[in-house]
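J.: Below is the structure I would like to discuss, written out as structure tokens.
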Amino acid sequence: MTPENALPKEHYLNHGYGWKSWLLTTDHKRIAWLYLVSITLMFFLGGFAAFLIRLQLLTPQGEILRNDTYNKMFTMHGVVMIFFFLIPSIPATLGNFLVPLMVGAKDLAFPKINLISWYIFIIGALYVLWIILSGGLETGWTFYTPYSTSYSTSNVTAATLGVFVLGFSSILTGLNFIVTIHKMRAPGMTWFRMPLLLWALYATSLIQILATPVLAITMVLVAVERFAGVGIFDPALGGDPILYQHMFWFYSHPAVYIMILPGMGVISEVISCFARKRVFGYKFVAVSSLMIAVFGFLVWGHHMYVSGMSPYAGMTFSLISYLVAVPSAVKTFNWTATLYKGSVSYDTPMLYVLGFLGLFMVGGLTGLFLASMGLDQHLHDTYFVIAHFHFIMVGGAVMAYFAGIHFWWPKMTGRMYPEAWGRLSAMILFIGFILTFFPQFILGYMGMPRRYSVYVPEFQTLNVLSTAGSTILAVGYVMPLVYMLWSLKYGEIAPANPWRAKGLEWEATGPIPAWDNFPVTPTVTEDAYNYPQRPVAEIERERAAGRAEGRMPELASGD
Amino acid sequence: MIFVPQLFPEQASTGAVWIDYFYFFMLALCGGVGLTVTVFITLFAVKYRRRYDDEIPPESHESKWLEWGWTIFPFVAFVPVFFFSTAVYFKNATPPANAMEIYVTGRQWMWKFQHLDGQREINTLHVPVGKPIKLVMSSEDVIHSFFVPAFRIHMDVVPKKTTTTWFEATKAGEYHLFCSQYCGTEHANMIGTVYVMEPADYEKWLAQASFGGMALRGQNLFNKLACNSCHTGDAQARAPYLSNIYGKTIQTDAGEWVTVDENYIRESIYKPNAKIAAGYAGIMPTYEGQLSEEELQTLIVYLKAIGSGVQQAPPISNPQGVQPQPAGKNPDGTLPFKPDSAKPGTAGTEPAKQPEPAKPAPGQPAPTNPAPAKTGK
Amino acid sequence: MSSAHHVVPLRIYFTIFFLLIVLTGFTVFISKFDFGVMNLPVALSIAIVKATLIMLFFMHVKYSSRLTQLFVLSGFFFMGILFFFTFCDYLTRAWN
Amino acid sequence: MSAHAHNPAVLHHFADAEQQKESATLGMWLFLATEVLLFAGLFLVYTLFRWKVPYVWVKESYLLGITLGGINTAVLICSSLTMALGVHAAQEGKKKALIGWLLATMLLGATFLGVKAIEYHEHWEHHKVPGLNFTYTVPYDNAHPYKVPEQQVFHFLYFCMTGIHGLHMVAGLSILTVIAIMAYRDKFSTTYYTPVEMAGLYWHFVDIVWVFLFPLLYLTGNHYTGGH
């Protein structure tokens, strides 16, 4: 496995030492690391809150947290996981690392802006952490008015401004990606030769650029409204709380596609590598990302069926919500077809992908339940919604993120992680996940509302199951943290292309990219995922020969 | 019970039936699709597993037919599903005309109910089996959401607005009522109980405690606020005559046509100049901030009562002149409408057979939580 | 691409400036009259014409690449979506 | 690699000046698209309330008066012209003209902010600052004074919209200052003047926002004569 026993002399990690070389770097690969470290910390903070929530729900009367502490916990869980983990997760870490490598460029179009966006992120993160530590926030991550504008006594004003600031980090990252993908592609890298991760990130960036500012201005209005006592959203002062919901979901629905689209891109990369096949229906998968991004803007009202919104508007949103499921379904079908007649291995990233396929499908299909106005009458704001959301976000986006981190880890660090541990943690995560979240579908249909710190006794059994699952899940998340850290120092030195994957990022210098990625700008001459294929005629010949000699055609993997 | 968890909620309303049908339809459809794809994934992953390290898979070809097929097919297939789901919604959306109204106020962190007959309850709601109930809801502070899983109904309760939902219970019993829209510290404790009772039990419960009907309280308030000094019905009246106005479509001074419904009445009391009835000057002061949500609801009920073909109370010089009347008694001449408990719709008892009025003196706050009559559980 | 070095003749700048001033005067003048519900559309149409002039000539969109033009439109397109669907709700609601 | 070694203005990760310029232009337009959506939120709130309570909008807008707003509109349009002329001068490599037009633009921008400050002061005097010293306009048509909360919402929106626009103006002035200093230090040439162009795009965009704010905020009540 190891052609060389040492890392190259010069690579991006040892290009400079000392904090300045990291904190003032404009190298996209180092900025990816800055993000990786920050969001990992945030992930475990949000995870800690989630774990406390599950412990509280072990018993109907909740022995652990007081009600308002519980409310602060789920708010922290939501805010941290969504704004500080899921939204930057794949774009800001893997995206930052890979976009220039994949298009064959030396860096993103605006390296300084890239660094600024991390600083905005970290300032927002520290600020929100400070808010949480100094009294907390208990409005829920949705900041629904008029609770947030007039009734909550927690740090809403500060938190909304924190989210406002954070938005610009996301916007700047998206802007950088779009320009890079448009203008910095290496010669020969046409649109339909781009890896699907780039298509996905491009679509994601569109949403980041066009939706985030609406959230930003909404948050400003909430903050100023609290400060000035004026009612844009508070009906007691002449405002309209449903207007808030429109503006909030105009961002926050497309935002779920910010979280899942890059995950879908990662899945396409990994599945084609470990099936050694071009992604089936490449063009459909590519264009479906754009379709999701655009149609994702038209469905926000399905969060508002029971808010008092006009049922006719609800109908429109419902119909489009059904249709927005089509591109996701197309992707799933194509991934499945990619496995057909492939050469499927079960390395860690692929185990995560298989987990993703199952969980994402459940999440997506249950989304159809919620797209229905009739059923939403019953399921709205119940644990069914929680389960659906977590199947997509944790079962989908986080699984994809883990798949991606394991897949590109050799390139990012020059070292391999311990494979056996990787497979074990992937399986533990899958089992823990199902046990945690599947019971919540049933709880939801039985009518357990979300954001309840205490509940009626008949919901207990399923809640106990769910909490039990969450402990398994927690183990599954801590394991990669430990062995990945371990591998940084003790991991085997990775070969330049351990998975024999296709793509410019694997062709960059050696096991770990140099400071400026490509000594000579590469020229692309082939389609993405151009894995070697054996002509059918050759297989037929071998078979015939095999039959003639009376042995089984073992070598041929297809039939 | 603890070891055999309940996995399906009680089905106790007419609307629940259709929602459950659709739910099972979706389970079958999505379950079918999901299982099929899972089987394919597993099959491919196992069958085409990598046999040796240098394995090269055979040539593959893409099929345009397949691609367009599985793009267009779900696209087309979703349309009937959408129509089914929307049909379920609209089937459940409109309350029948004979629905009995109950007024609901949500506030941090309790549910308050006012029955037309005058009963008021907190966190308990008594309703009869087999009678459509229309809930007219509003909130005093933040957004709440009225959620009864057994009835499969769910509607946000919005401050300063009236939203409605309805159900017809099919089974006597006790059912949970949850607030499902996060509303603050005690959100999880904003739980009530709906007692669905056999009509006879319900009648008994009704009789236990009653005051002047809700409309009567509204009338008192109407007089107390001296609304009748302008809404006189004279030729020189400075404001429109309100009798018989509910449900009508009237023209505003801007030339628009509006229907006089709960929200228009609310708006006219809080923002009199928003839509002024044609022919009148915008001289009415606002009552924003002067009325509690429950008081406003009594005014709405009063205007609705005098909208159903009966005469508006004549102006009374002394606004305090009218005292609350016990329900069930036919009021004297100052009250030109029938208390709603006497409506024939209420579970088939005739007004004459109304039991005697309850003990509490008029004007005293609502009796709460009378012992529930025997329930189905 | 030609967009990079396109120099717009000064005459065009002054013409546009003149048009902008005239349109401003016109919108002030016309706002004196009450067209009822048409007040907003009238004022907005004039503003849109002015904004289009500025974008096309002052901001060189007329001479820019298709890609730039596409992104210029996309901002307004998604703004349109925000307005369209929000008003889909408000205009079909029984209450406001 | 070596193709652009002569041109110090081309950053190392770009292949050539053309690519760098196109990237900058596209990036700027994407940023402006973001800005469009940022203001879209405010315009949505504005439109919705105007639709709900048109009478409040007309009567409160009437209170703003159009003189100062009108002057400011003219000032901004002039500044757009001078900015466009500045970019033109940069394209032709006329350093003095460029600095001159930039200074003229900044002067006009500062004038705008000054007039805005006078207006804000007037609103303060008239007790029209929401949250700080707001007094409701008493009778519209009758002798019964009462509160219409949307009155305050109008002025709140007015301050939000013009305030955020004003912040953009301040940012624009800072950018122009930097550009002017760069021009003074001979950073630009006929082949490299991208920063001037980008600053111009930004400035024109801020102008466009005002083109909408002026009729929406000031002219809405211009036909109002005080009667019903």
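The values are calculated or read from the model by the stated rules, or taken from the named source; none is laboratory data. Note that the structure is a prediction, hence the values are computed from the model and not measured. As a convention, Cβ positions derive from the backbone with ideal geometry for all residues, glycine included, and neighbour counts pool all protein chains shown. Surface accessibility is based on the protein's heavy atoms, side chains included, excluding ligands, DNA and RNA. Shrake-Rupley method; radii C 1.70, N 1.55, O 1.52, S 1.80 Å.
J.: Please name whichever of D:203, A:307, A:461 sits farthest to the positive end of the charge dipole of the protein assembly as shown, dipole taken about the Cα centre and charges placed at Cβ: Lys and Arg +1, Asp and Glu -1.
T.: D:203
J.: Mind checking C:52-59 for the average number of partner chain beta-carbons within 10 Å of each residue's beta-carbon? Spell out each step's value before the answer.
T.: On the way: counts 1, 2, 8, 5, 0, 2, 13, 16.
The mean count of partner-chain Cβ atoms within 10 Å per residue comes to 6.
J.: Here is a follow-up. State to the nearest 20 debye the size of the charge dipole of the stretch B:100-208 about its Cα centre, where the only charges are +1 on K and R beta carbons and -1 on D and E beta carbons.
T.: Working: 10 positive and 12 negative charges, 45 e Å.
Value, rounded to 20: 220 debye.
J.: Semi-axes of the stretch B:100-208's equivalent ellipsoid from the Cα gyration tensor, sqrt of 5 times each eigenvalue, largest first, rounded to whole Å? Please list the in-between numbers first.
T.: Details: eigenvalues 100, 38, 31 Å².
One finds semi-axes of 22, 14, 13 Å for the stretch B:100-208.
J.: Moving on to the next point. Hey, can you grab everything whose amide H is under 5 Å from the amide H of residue A:140? Only 5+ residues off in sequence or another chain; H modelled, so Pro and N-termini drop out.
T.: Counting only residues 5 or more places away or on other chains, the set is A:75.
J.: Only four residue types carry charge here, +1 at the Cβ of Lys and Arg and -1 at the Cβ of Asp and Glu. Report the dipole size of chain C about the Cα centre in Debye, rounded to the nearest 20.
T.: Details: 6 positive and 2 negative charges, 49 e Å.
Roughly 240 debye for chain C.
J.: Compute the long axis of helix D:54-64 from its Cα atoms, compare it with the longest principal axis of the Cα atoms of chain D, and write down the angle in degrees, 0 to 90, nearest 10.
T.: 70
J.: Could you give me the ³J(HN,Hα) list for the stretch B:26-36, computed from phi with Karplus coefficients 6.51, -1.76, 1.60 and θ = phi - 60°, whole Hz, x at Gly and Pro?
T.: Values per residue, Gly and Pro as x: 5, 4, 5, 4, 5, x, x, 4, x, 5, 4 Hz.
J.: Within 10 Å of each Cβ in peptide A:275-288, how many partner chain Cβ atoms are there on average? Round it to a whole number, please.
T.: Details: counts 5, 5, 5, 2, 1, 6, 8, 1, 3, 7, 1, 0, 1, 1.
Per residue, the average neighbour count from other chains is 3.
J.: Right, here's the next one. Residues of the stretch A:227-254 with amide nitrogen under 19 Å from the 7 Å Cα-to-Cβ point of residue D:120?
T.: Inside the label zone: A:227-230.
J.: Hey, what's chain A come to in accessible area per residue, 1.4 Å probe, Å²? Show your work: numbers first, answer last.
T.: On the way: 16380 Å² over 559 residues.
Ligands and nucleic acids excluded, the result is 29 Å² per residue.
J.: Can you work out the FRET efficiency for the pair residue B:25 and residue A:468, with r the C-beta to C-beta distance and R0 = 22 Å, to the nearest 0.05?
T.: On the way: r = 32 Å, r/R0 = 1.45.
About 0.10, to the nearest 0.05.
J.: As a quick test, which of the pairs A:106/D:187; B:91/B:271; B:161/B:275 have an alpha carbon distance above 23 angstrom in this structure? If you can, show how the numbers build up before the last one.
T.: Numbers: A:106/D:187 25 Å; B:91/B:271 34 Å; B:161/B:275 16 Å.
Long pairs (Cα-Cα over 23 Å): A:106/D:187; B:91/B:271.
J.: Among the aspartates and glutamates, which fall within straight-line cross-link reach of residue B:224, defined as a Cα-Cα distance under 13 Å, with same-chain neighbours fewer than 8 residues apart omitted?
T.: Excluding near neighbours in sequence, the set is B:295.
J.: For chains A and B, what's the summed buried accessible area, probe 1.4 Å, to the nearest 100 square angstrom? Kindly include the intermediate steps, with their values, before the conclusion.
T.: Numbers: alone 22630 and 21400 Å², together 35680 Å².
Between A and B, the summed buried area is about 8300 Å².
J.: While we're on this one: Just grab the label-to-label distance for residue D:113 and residue C:19, each label 7 Å out from Cα along the Cβ direction, in nm (one decimal).
T.: Modelled inter-label distance: 3.1 nm.
J.: Charges only on Cβ, +1 for Lys and Arg, -1 for Asp and Glu: so what's the dipole of chain A about the Cα centre, in debye to the nearest 20?
T.: Values: 32 positive and 28 negative charges, 162 e Å.
Using Cβ point charges on Lys, Arg, Asp and Glu, chain A gives about 780 debye.
J.: Rounded to a whole number, what is D in µm²/s for the protein assembly as shown from Stokes-Einstein with the Kirkwood radius over alpha-carbon pairs (20 °C, 1.002 mPa s)? Mind showing how you got there, number by number?
T.: On the way: Rh = 33.4 Å.
So the translational diffusion coefficient is about 64 µm²/s.
J.: Sticking with this one: What are the residues of the stretch D:173-215 that lose 50 Å² or more of accessible area, with a 1.4 Å probe, going from their chain alone to all protein chains?
T.: Flagged in the stretch D:173-215: D:204, D:208, D:211, D:212.
J.: Can I get the semi-axes of chain D's equivalent ellipsoid? Compute them from the C-alpha gyration tensor as square roots of 5 times the eigenvalues, in angstrom, largest first. Spell out each step's value before the answer.
T.: On the way: eigenvalues 378, 63, 32 Å².
Equivalent ellipsoid semi-axes, largest first: 43, 18, 13 Å.
J.: At a 10 angstrom cut-off on C-beta neighbours, averaged per residue, how do the peptides A:256-268, A:484-496, A:386-398, B:78-90 rank from highest to lowest?
T.: A:256-268, A:386-398, B:78-90, A:484-496
J.: Counting Lys and Arg as +1 and Asp and Glu as -1, what is the net charge of the other residues whose Cβ lies under 14 Å from the Cβ of residue D:73? Could the numbers behind the result be given before it?
T.: Details: positive: C:50, D:116; negative: D:119, D:207.
Surrounding charge for residue D:73 is 0.
J.: For the stretch C:1-64, state the semi-axes of the equivalent ellipsoid (square roots of 5 times the eigenvalues of the alpha-carbon gyration tensor), sorted largest first and rounded to whole angstrom. Please report the intermediate quantities before stating the final value.
T.: Details: eigenvalues 184, 34, 4 Å².
Equivalent ellipsoid semi-axes, largest first: 30, 13, 4 Å.
J.: Which aspartates and glutamates, on any chain, are close to residue A:489 with Cα under 16 Å apart, when same-chain ones fewer than 8 places away are left out?
T.: By straight Cα distance, residue A:489 reaches A:419.
J.: Can you divide the C-alpha Rg of the stretch A:343-427 by 2.2 N^0.38 Å and report the result to two decimal places? Mind dumping the intermediate values first?
T.: Working: Rg = 16.3 Å, N = 85, 2.2 N^0.38 = 11.9 Å.
Here the Cα radius of gyration is 1.37 times the empirical estimate.
J.: I would also like to ask the following. So what's the stretch A:37-135 giving for Rg/Rh, alpha carbon basis, Kirkwood Rh from the mean inverse pair distance?
T.: Details: Rg = 17.3 Å, Rh = 15.3 Å.
Radius of gyration over Kirkwood radius for the stretch A:37-135 works out to 1.13.
J.: At 4 °C and 1.567 mPa s, grab the translational diffusion coefficient of chain A from Stokes-Einstein with a Kirkwood Rh over Cα pairs, rounded to a whole number in µm² per second.
T.: On the way: Rh = 24.5 Å.
The calculation lands on 53 µm²/s.
J.: For the protein assembly as shown, give the percent of accessible area contributed by carbon and sulfur heavy atoms, probe 1.4 Å, rounded to a whole number. All intermediate terms of the calculation are to be shown ahead of the outcome.
T.: Details: 30910 of 46270 Å².
Taking all protein chains in place, the protein assembly as shown shows 67 percent carbon and sulfur surface.
J.: Also: Whole angstrom only: what separates the Cα centroid of the stretch C:1-67 from the Cα centroid of the stretch A:34-62?
T.: After rounding, the separation between the Cα centres reads 53 Å.
J.: First check a/c for the stretch A:285-379, with a ≥ b ≥ c the square roots of the eigenvalues of its C-alpha gyration tensor; if it is under 1.5, answer rounded, and if not, answer prolate when a/b is larger than b/c or oblate otherwise. Provide the component values of the computation, followed by the final result.
T.: Working: a/c = 3.46, a/b = 2.21, b/c = 1.56.
Prolate, since a/c reaches 1.5 and a/b exceeds b/c.
J.: Using the Karplus curve 6.51 cos²θ - 1.76 cosθ + 1.60 with θ = phi - 60°, work out ³J(HN,Hα) for each residue of the stretch C:88-93 in order, rounded to whole Hz, and write x for Gly and Pro.
T.: 3, 5, 5, 7, 10, 8
J.: Give me D for the stretch B:1-78 in µm² s⁻¹, whole number, from Stokes-Einstein with Rh from the Kirkwood sum over alpha-carbon pairs, 4 °C and 1.567 mPa s.
T.: Details: Rh = 17.3 Å.
Estimated via Stokes-Einstein, D reaches 75 µm²/s.
J.: Let me cross-check residue D:53: its accessible surface, 1.4 Å probe, with only protein heavy atoms counted, in Å² to the nearest 10?
T.: Only protein atoms counted, so the area is about 10 Å².
J.: Place +1 on the Cβ of every Lys and Arg and -1 on the Cβ of every Asp and Glu in the stretch A:171-290, take the dipole about the Cα centre, and give the residue among A:215, A:260, A:200 whose Cα lies farthest towards its positive end.
T.: Looking along the dipole axis, the top candidate is A:200.
J.: Each label point is 7 Å from the Cα along the Cα-to-Cβ direction; what then is the distance between the points at residue A:548 and residue B:62, in nm?
T.: 3.7
J.: Could you tell me the center-to-center distance, by alpha carbons, between the stretch A:415-478 and the stretch D:176-211 in angstrom?
T.: Using only Cα atoms, the two centres lie 55 Å from each other.
J.: Which distance in Å, rounded to a whole number, links the C-alpha centroids of the stretch A:108-168 and the stretch B:1-74?
T.: Between the Cα centre of the stretch A:108-168 and that of the stretch B:1-74, the gap is 39 Å.
J.: Taking H as built 1.01 Å from N, whose amide H comes closer than 5 Å to the amide H of residue B:161, not counting residues under 5 places away?
T.: B:139
J.: For residue A:536 and residue B:39, what is the calculated FRET efficiency with R₀ set at 25 Å and r taken between the beta-carbons, to the nearest 0.05? Intermediate values should be presented prior to the final figure.
T.: Numbers: r = 26 Å, r/R0 = 1.04.
Approximately 0.45, to the nearest 0.05.
J.: For the stretch B:100-208, what is the accessible area per residue in Å², given a 1.4 Å probe and the full set of protein chains?
T.: Numbers: 2350 Å² over 109 residues.
Accessible surface, normalised per residue, equals 22 Å².
J.: In what sequence, highest mean first, do C:6-14, A:336-344, B:122-130 appear when ranked by Cβ atoms within 10 angstrom? Display every interim value, and only then the final one.
T.: Numbers: C:6-14: 12.8, A:336-344: 23.7, B:122-130: 19.7.
My ranking of the peptides, most packed first, is A:336-344, B:122-130, C:6-14.
J.: So who's got an amide H within less than 5 Å of the one on residue B:254, skipping anything under 5 residues away but keeping other chains? H placed 1.01 Å off N, in plane.
T.: Residues meeting the amide H criterion: B:276.
J.: For peptide C:30-37, compute the average count of partner chain beta-carbon atoms within 10 Å of each residue's beta-carbon. Walk me through the numbers before you get to the answer.
T.: Numbers: counts 4, 10, 5, 2, 5, 1, 4, 3.
The shielding value for this peptide is 4.
J.: Could you give me the percent of Cα pairs per 10 Å distance bin for the stretch A:106-263, shortest bin first, beginning at zero and ending with the bin that holds the maximum distance?
T.: In order of increasing distance, the bins hold 11, 33, 30, 16, 7, 2, 0 percent.
J.: Where in the stretch B:44-64 does the amide nitrogen come within less than 14 Å of the point 7 Å from the Cα of residue A:526, taken along Cα to Cβ?
T.: Under 14 Å, as judged by backbone N against the label point of residue A:526, lie B:56-57, B:59-60 of the stretch B:44-64.
J.: In sequence order, what are the phi-derived ³J(HN,Hα) couplings for the stretch A:257-268 according to the Karplus relation 6.51 cos²θ - 1.76 cosθ + 1.60 with θ = phi - 60°, rounded to whole Hz, with x for glycine and proline?
T.: 6, 4, 7, 8, 4, x, x, 4, x, 4, 4, 4
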